[in-house]
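Shown next, in structure tokens, is the structure this report addresses.
Readers should treat all values here as calculations from the given coordinates under stated rules, not as data from a laboratory. Because the structure is predicted, anything quoted here is derived from the model rather than measured. Backbone-built Cβ (ideal geometry, glycine too); neighbour counts: all protein chains shown.
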Amino acid sequence: MLDAELFDKLAWIASAVRQDTRPFGGIQLLLVGDFLQLPPVTKDGGAPRFCFEARSWGKCIKAHIELQHVFRQKNQVAPAPPRPRAPPCPRPRSVGVREPRSRARVCGRTGRRG
């Protein structure tokens, strides 16, 4: 998790690198996550400060959306990933083939038609 100190440093660095005084140098941010699930890790063992507690947070983040409804899958088994599709048969110009019979041999290897 991103802590407040690092968030402030990143905001300053982005502004300096882009030579732009806007928050994060004008870079648009999209921050997604469960911000309260895990606290940020601290080096010295001190109390963690979440990124939304950073000094620059109010200047950088103008809008936020909080999801309040918990959705669970009804089917607990993960769906199988989609099968990869074979690429289409190459056009004659892309492989340097000009004769229809040669093209048929190239496409015949995949069992598909052009």
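Label positions at VAL32 and LYS62, each projected 7 Å from the Cα along the C-beta direction, are separated by 2.1 nm.
Using only the Cα atoms, work out Rg/Rh for region 4-60, with Rh taken as the Kirkwood radius, to two decimals.
1.01
Computed from the Cβ-Cβ distance with R0 of 30 Å, the FRET efficiency linking ARG18 to THR42 stands at 0.55.
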